[in-house]
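The values are calculated or read from the model by the stated rules, or taken from the named source; none is laboratory data. In this text, all values refer to a predicted model and were calculated from it rather than measured experimentally. Please note: Cβ atoms are built from the backbone with ideal geometry, for glycine as well, and neighbour counts cover all protein chains shown.
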């Protein structure tokens, strides 16, 4: 069962509106990481090769909350795309600008990028009228924005109502994302090892519960490890650890009949993030110190388990990797996974930043563009904006 893509469809002379996820970090008009744009290029190029008459691209950037914020304009993205595609990309004044239809009737214009969708509050509220306005620009709709497909936003969800089933399709990146996650969740080759780090337990409770059934081992790191250690009766010092997370961790550990959850056995600690880092050759963290990374013995232990893996899913860094003093755990895990012969998926967000920084992203089977979307797919088995595109047999 696969998603309907546009590859077999005759699109000659058609106007195509496509939703991408160009939500990339930009500082002073400079794109800091173009990964998400680069991953969208195969879909864009494939559409242009089909001799379509117009390509209308849409995306959001940041969280302007319905306000026009010049620093969140898609102008740097339009410039970058024009360079990569070797053709002019016209940026509209807004996503609903009255001049867009005129622009689309000009023969020499091939590609239009609509200004930031989230300059309109209607985008995130799932407004039908806004969706209909967007839909009126084109004959065909493509969703290639995996990173927002867990949201019921106008440009990925409501918009599909205005296209018949044979006029709405998945882009190549969306298809690739779903196929990778299906492979991980439906028929993972065993041993199936999951590495979970990063945020609070409550943010990933459903993911952990789902993976506890599917995986052979769950290796826990990052801030998430400390509530589990505390739940087992270990001291965690001043490490990030809410009462609710500890209670959730206790519940999960009680359900872990197969002892699949593996926790850190040593740590990199400090009195605060900018203080001097120390290696603690012990599970117990003394008062006044916090854990900010997994220690060398934990890296060795996790390494041995990962080397046996045939399928690996990783979401969330092993420590405060933005600080070089606490980046070794995350970088080591990235290197270990890249050296295995497994089918490996890195699930979005901070994990992707970490894998890109480590330089091993080329050796990972699939690097996802959506952290929240990856986790929701694992939890629910589908995503609202993917489901609505309709599967075909």
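Odds and ends about this structure:
- Considering the range 164-242, the qualifying strands (runs of 3 or more DSSP E), each wholly inside and each with 1 or more residues that are buried (at least 21 other Cβ atoms within 10 Å of the Cβ), in the same structural domain as residue 297 (by TED's automatic domain parsing) and in contact with a helix residue (DSSP H, G or I) (Cβ under 6 Å, 6 or more places away or on another chain), run over 192-196, 217-220.
- Residue check, residue 198 at pLDDT below 95 and at positive phi: yes
- All conditions in (1) touching a residue at least 12 places away in the same chain (Cβ under 8 Å); (2) out of contact with any strand residue (DSSP E or B) (no Cβ under 9 Å at 6 or more places or on another chain) hold for residue 213, with the sole exception of (1).
- Among the residues here, residue 341 qualifies as in the same structural domain as residue 209 (by TED's automatic domain parsing) and part of a loop (DSSP other than H, G, I, E, B).
- Screening the candidates 261, 269, 336 for the property of being out of contact with any helix residue (DSSP H, G or I) (no Cβ under 7 Å at 6 or more places or on another chain) and more than 22 Å from residue 177 (Cα to Cα) yields one hit, 269.
- Long-range neighbours under 8 Å by Cβ, at least six apart or interchain, first residue assigned to a loop (DSSP other than H, G, I, E, B) within the range 247-263, second buried (at least 19 other Cβ atoms within 10 Å of the Cβ): 260/215; 260/217; 260/218; 263/220; 263/225; 263/228; 263/229
- Among the residues examined, residue 40 does not qualify as in the same structural domain as residue 155 (by TED's automatic domain parsing), crowded, with 19+ Cβ neighbours inside 10 Å, in contact with a helix residue (DSSP H, G or I) (Cβ under 8 Å, 6 or more places away or on another chain) and in a strand (DSSP E or B).
- So residue 206, is it in contact (Cβ under 8 Å) with a residue 24 or more places away in the chain and over 23 Å from residue 328 (Cα atoms): yes
- A count restricted to the range 307-324 and to residues that are assigned to a loop (DSSP other than H, G, I, E, B) and over 19 Å from residue 199 (Cα atoms) stands at 3.
- Positions within the range 47-106 being part of a loop (DSSP other than H, G, I, E, B), buried (at least 16 other Cβ atoms within 10 Å of the Cβ) and within 24 Å of the chain's Cα centre (by Cα), in sequence order: 59, 60, 61, 64, 73, 74
- Set 98, 59: member being closer than 20 Å to residue 162 by Cβ and out of contact with any strand residue (DSSP E or B) (no Cβ under 9 Å at 6 or more places or on another chain): 98
- Among (1) closer than 24 Å to residue 153 by Cα; (2) touching a residue at least 24 places away in the same chain (Cβ under 8 Å) - the single one residue 382 does not satisfy: (2)
- Residue in the range 23-32 that is in a helix (DSSP H, G or I) and under 24 Å from the mean Cα position of the chain (by Cα) present: no
- Selection from the range 286-309 of residues that are surrounded by 14 or more Cβ atoms within 10 Å (Cβ to Cβ) and over 19 Å from residue 219 (Cβ atoms): 289, 290
- The range 119-143 - residue that is in a loop (DSSP other than H, G, I, E, B) and within 26 Å of the chain's Cα centre (by Cα) and, of those, surrounded by the fewest Cβ atoms within 10 Å (Cβ to Cβ): 127
Quick grid of which residues meet (1) under 25 Å from residue 152 (Cα atoms); (2) free of Cβ contacts under 8 Å to residues at least 24 places away in the same chain:
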| position | (1), (2) |
| --- | --- |
| 3 | yes, no |
| 7 | no, no |
| 11 | no, no |
| 14 | no, no |
| 24 | yes, no |
| 28 | no, yes |
| 33 | no, no |
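- Residue in the range 18-27 that is loosely packed, with under 12 Cβ neighbours inside 10 Å and touching a helix residue (DSSP H, G or I) at 6+ places or on another chain (Cβ under 8 Å) present: no
- Residue list for the range 278-292, restricted to those being free of Cβ contacts under 8 Å to residues at least 40 places away in the same chain and within 27 Å of the chain's Cα centre (by Cα): 292
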